[in-house]
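Participant: Encoded as structure tokens, here's the structure I'll be asking about.
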There are 2 protein chains.
Amino acid sequence: MRSSRAARPVKKPKDQYHHGDLRRALLLAAIRTIQKQGFEALTLRAVGDELGVSRTALYRHFADKSALLTAVAAEGFRMLRVEQVTAWETGGRNVAALMAMGEAYVRFALSNPWHYRVMFGSGFELLASDPELVEEGKGAFQALADALSQLQADGFLRKEEGRTQATFVWAVVHGVAMLAMDGNCEHQGVGAAELTRYSIDRLLTGIVAPCATTPV
Amino acid sequence: MRSSRAARPVKKPKDQYHHGDLRRALLLAAIRTIQKQGFEALTLRAVGDELGVSRTALYRHFADKSALLTAVAAEGFRMLRVEQVTAWETGGRNVAALMAMGEAYVRFALSNPWHYRVMFGSGFELLASDPELVEEGKGAFQALADALSQLQADGFLRKEEGRTQATFVWAVVHGVAMLAMDGNCEHQGVGAAELTRYSIDRLLTGIVAPCATTPV
DNA sequence: ACCTGAACACCGTTCAAGT
DNA sequence: ACCTGAACACCGTTCAAGT
């Protein structure tokens, strides 16, 4: 279908309308705007303008603004998963690598604060049942769950229900990321990097005083 | 000033304009709308209509919509602090009471999901430097910090920098609350109540496997 | 099929005018 | 001082019309 007629200038496919993949272009433009200008700056008009396209062209590729944001969120989970898997694998698939995953998680949120917010559906309605969003969300979760599962098998972690443990670990890095993003920790005089390092330590060891056989 | 002229029907103070305290009425109406209809349903017009007042009357008491939301957030932190202090004091000011605080924290978020979101400035600009917001936010944090501080003194918790430890504990319950609210844990087959209980346990003990002297 | 331009309903905000 | 009604700029969305 695509190359039915042979000799034609392949570069610009006639430029009849615009790019080759407007949907992807719209998605990336939306991410860029959110990243640089924040969530409130994202208007369908601005996205269209940036691509030199009508403000209603978007409706050919997304049902509405909510669908666009859902795609932005799904793309975010994909990016996050890649960084998580990389941290785990290059870190050596051990406890140190798990800690590197935690650091990478918080770093991702702090580097992409607005994008990260969209991923967790803050302040607006996300299409929570969107198949792509669900799949990418599960994928990011699974990267963490797999790491924990192996560390359980290796005897480094408590052996307990995997998804519950994984959700807890996720909640911890998520909470740290949110507080650090909002500046809530700096507000208490605690640096984001310091909070992250401390939190990952205590995630592993807990906050209760060690037993008497261990030096306090 | 208030009772200068004596004999007058005290009930309705002439009804010249409206209520006695429009600012408070606007704040409560906004909270009610957010609570029941969600964040996107909060329009200044709707708030005005609900109180039978012009849509611009609000500008006599709040600089703009952002200022109204900031007041909503501050009120939320005040409510949260009350519940936290209650849990701590009625719980007996011990480790069990700390766990009750954690449960109460998550319960607050799950009972007031939209209000809770506003408190953490999701998706819109909050007046982060607003004195009332800062004060109430610090107050809620302090309730937790005080509890931890006493448990440290009593030897139940690791003795370390108080604000860092408190911020970590806050991050954990915050993260659990967020995931539970979004249904992200149910999505993984983990119940919110189960996640909360487990998380508070592991917050205390950590996830690493106990040392050999303790039964696994 | 894909895109456009005009139009509609809705919103936050401003402002001159009322009491 | 406090509130109102009309007006303005902006937004998401729809739709008939173009290619």
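The values are calculated or read from the model by the stated rules, or taken from the named source; none is laboratory data. Note that this is a predicted model, so its numbers are computed, not measured. All Cβ positions, even for glycine, are placed from backbone atoms using ideal geometry, and neighbour counts span all protein chains on display.
Participant: Exactly one of these conditions fails for B:V118: (1) within 12 Å of chain A (Cβ to nearest Cβ); (2) within 13 Å of B:Q84 (Cβ to Cβ). Give me its number.
Facilitator: Exception for B:V118: condition (2).
Participant: Residues that are within 30 Å of A:Y198 (Cβ to Cβ), surrounded by 17 or more Cβ atoms within 10 Å (Cβ to Cβ), aromatic (F, W, Y) and outside the structural domain of A:A171 (by TED's automatic domain parsing): does segment A:31-54 have at least one?
Facilitator: Checked segment A:31-54: at least one residue is within 30 Å of A:Y198 (Cβ to Cβ), surrounded by 17 or more Cβ atoms within 10 Å (Cβ to Cβ), aromatic (F, W, Y) and outside the structural domain of A:A171 (by TED's automatic domain parsing).
Participant: Can we say A:V190 is assigned to a helix (DSSP H, G or I) and either closer than 19 Å to A:F108 by Cβ or free of Cβ contacts under 8 Å to residues at least 40 places away in the same chain (or both)?
Facilitator: Criteria not met by A:V190.
Participant: Going through segment B:51-94 one residue at a time, which ones are within 14 Å of DNA strand C (Cβ to nearest atom), of a type in the set (S, T, N, Q) and within 19 Å of B:F141 (Cβ to Cβ)?
Facilitator: If the condition is that a residue be within 14 Å of DNA strand C (Cβ to nearest atom), of a type in the set (S, T, N, Q) and within 19 Å of B:F141 (Cβ to Cβ), then B:T70 is the only one that fits.
Participant: Can you work out which of the residues in segment B:175-187 that are more than 12 Å from B:G102 (Cα to Cα) and of a type outside the set (A, V, I, L, M, F, W, C) is farthest from the other protein chains (Cβ to nearest Cβ)?
Facilitator: This residue is B:E186.
Participant: If you don't mind, another one. Is there any pair with a first residue in segment B:28-53 that is more than 14 Å from every other protein chain (Cβ to nearest Cβ) and a second that is away from DNA strand D (no atom under 15 Å from the Cβ) and charged (D, E, K, R) whose Cβ atoms are under 9 Å apart and which are 6 or more apart or on different chains, and what are they?
Facilitator: Partner pairs satisfying both residue conditions: B:L28/B:E75; B:I31/B:E75; B:E50/B:R32.
Participant: Specify which of the listed residues (A:A153, A:A145, A:A128) is farther than 30 Å from A:K36 by Cβ and within 11 Å of another protein chain (Cβ to nearest Cβ).
Facilitator: A:A145
Participant: Another question, if that's okay. So which residues in segment A:30-73 are under 27 Å from B:K65 (Cβ atoms), touching a helix residue (DSSP H, G or I) at 6+ places or on another chain (Cβ under 7 Å) and among the small types (G, A, S), if there are any at all?
Facilitator: A:A30, A:G38, A:A41, A:A46, A:G48, A:A73
Participant: Count, please, the residues in segment A:199-216 that happen to be outside any loop (DSSP other than H, G, I, E, B), among the hydroxyl-bearing types (S, T, Y) and either over 23 Å from A:E103 (Cα atoms) or at pLDDT below 95 (or both).
Facilitator: 1
Participant: Sticking with this one: Checking the condition modelled with pLDDT of 90 or more and either at the interface with chain B (Cβ under 7 Å from one of its Cβ atoms) or under 30 Å from B:G121 (Cα atoms) (or both), which residue from A:V190, A:V172 passes?
Facilitator: A:V172
Participant: I've got another one for you. Determine whether segment A:85-101 contains at least one residue that is of a type outside the set (G, A, S), more than 20 Å from B:V208 (Cβ to Cβ), under 13 Å from the mean Cα position of the chain (by Cα) and in the same structural domain as A:A192 (by TED's automatic domain parsing).
Facilitator: Yes, because at least one residue in segment A:85-101 is of a type outside the set (G, A, S), more than 20 Å from B:V208 (Cβ to Cβ), under 13 Å from the mean Cα position of the chain (by Cα) and in the same structural domain as A:A192 (by TED's automatic domain parsing).
Participant: While we're looking at this one, here's another question. Among the residues of segment B:79-111, which ones are within 24 Å of B:G183 (Cα to Cα) and among the small types (G, A, S)?
Facilitator: B:A100, B:G102, B:A104, B:A109, B:S111
Participant: For the structure I just gave you, tell me whether B:A171 is farther than 29 Å from B:L42 by Cβ and out of contact with any Cys (no Cβ under 6 Å at 6 or more places or on another chain).
Facilitator: So B:A171 fails the test.
Participant: Which of the residues that make up segment A:58-104 are in contact (Cβ under 8 Å) with a residue 40 or more places away in the chain, within 16 Å of DNA strand D (Cβ to nearest atom) and not aliphatic (A, V, I, L, M)?
Facilitator: Of everything in segment A:58-104, those that are in contact (Cβ under 8 Å) with a residue 40 or more places away in the chain, within 16 Å of DNA strand D (Cβ to nearest atom) and not aliphatic (A, V, I, L, M) turn out to be A:S66, A:T70.
Participant: Return a yes/no flag: does segment A:128-145 have any residue that is closer than 23 Å to B:G139 by Cα and in contact (Cβ under 8 Å) with a residue 12 or more places away in the chain.
Facilitator: Looking through segment A:128-145, none of the residues is closer than 23 Å to B:G139 by Cα and in contact (Cβ under 8 Å) with a residue 12 or more places away in the chain.
Participant: Turning to a different aspect of this structure: Output the residues belonging to segment B:193-206 that are out of contact with any helix residue (DSSP H, G or I) (no Cβ under 6 Å at 6 or more places or on another chain) and either facing another protein chain (nearest Cβ under 7 Å) or hydroxyl-bearing (S, T, Y) (or both).
Facilitator: B:E194, B:L204, B:T205
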